[in-house]
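Colleague: Mind having a look at this structure? Questions to follow.
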């Protein structure tokens, strides 16, 4: 497995890198069959250290966790604990889906845009109703079942997931509702 441990404007020592590889490796071998790579980024936010971890599994699913703490090792431990809890919660489903699925998750390319409104107060009238596009990036839309999409959304900690439904091949959306339940949008043509 490929590990990439880095720091944003902070120095990451060899001892921390070894600790991260050992601890994360133990968690991943316990729950995930064949993780492909892990990206762990440490940063500083005010007086706290932030640890963000993203692990790509061989099935095409991604697991993400983020934690804050006053010490850098404590931030990693909290992040690893969150990832352990997520993987423990979905272990059976990950293994069941892995048996059913012969190959990795298929993905379709798409564009992702970040739109910005005109700067001004709430009462000011914009010159045009068209928002300004400030960023355009490539994104991937996976081909999943609805259950896998919900699981991927939970593992990634995302509020919404756009996916291509394996059953009908249409683009669907699952999202976390304000009442805590999961919403599913399936277009009818």
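Colleague: Using label points projected 7 Å from each Cα along Cα→Cβ, tell me how many nm separate residue 145 and residue 167, to one decimal.
Modeller: 1.0
Colleague: Can I ask one more? Which distance in nm do the two modelled labels at residue 4 and residue 48 give, with both placed 7 Å along the Cα-to-Cβ direction?
Modeller: Using points 7 Å along Cα→Cβ, the separation is 2.6 nm.
Colleague: Something else now. Applying a 10 Å radius around every beta-carbon, put 51-61, 3-13 in order of their mean neighbour count, most first.
Modeller: 51-61, 3-13
Colleague: No solvent, one uniform scatterer per C-alpha: report log10 I(q)/I(0) for the stretch 2-100 via the Debye equation at q = 0.10 1/Å, two decimals.
Modeller: -0.26
Colleague: Using R₀ = 25 Å, calculate the FRET efficiency as 1/(1 + (r/R₀)^6) where r is the Cβ-Cβ separation of residue 71 and residue 36; round to 0.05. Mind dumping the intermediate values first?
Modeller: Numbers: r = 30 Å, r/R0 = 1.19.
Computed FRET efficiency for residue 71 and residue 36 comes out at 0.25.
Colleague: Quick one: 90, 73, fewest Cβ neighbours within 10 Å first, how do they rank?
Modeller: By the 10 Å Cβ count, ascending: 73, 90.
Colleague: With a cut-off of 13 Å, note down the residues of the stretch 151-189 whose backbone N falls inside the zone around a label point 7 Å from the Cα of residue 110 toward its beta carbon.
Modeller: So the set is 160-166, 169-175, 185-187.
Colleague: By count of other Cβ within 10 Å, fewest leading, how are 136, 166 ordered?
Modeller: 136, 166
Colleague: Still on this structure, please answer the following. How would you rank 89, 164, 188, going from fewest to most other Cβ atoms within 10 Å of each one's own Cβ?
Modeller: Working: 89 14, 164 20, 188 4.
Sorted ascending by nearby Cβ count, the order is 188, 89, 164.
Colleague: How many angstrom lie between the C-alpha centres of the stretch 1-39 and the stretch 45-95?
Modeller: 11
Computed from the coordinates by the stated procedures, all read-outs in this text should not be read as laboratory data. Only a predicted model underlies this, so the values are computations on that prediction, with no experimental measurement involved. All Cβ positions, glycine included, derive from the backbone under ideal geometry; neighbour counts span all protein chains shown.
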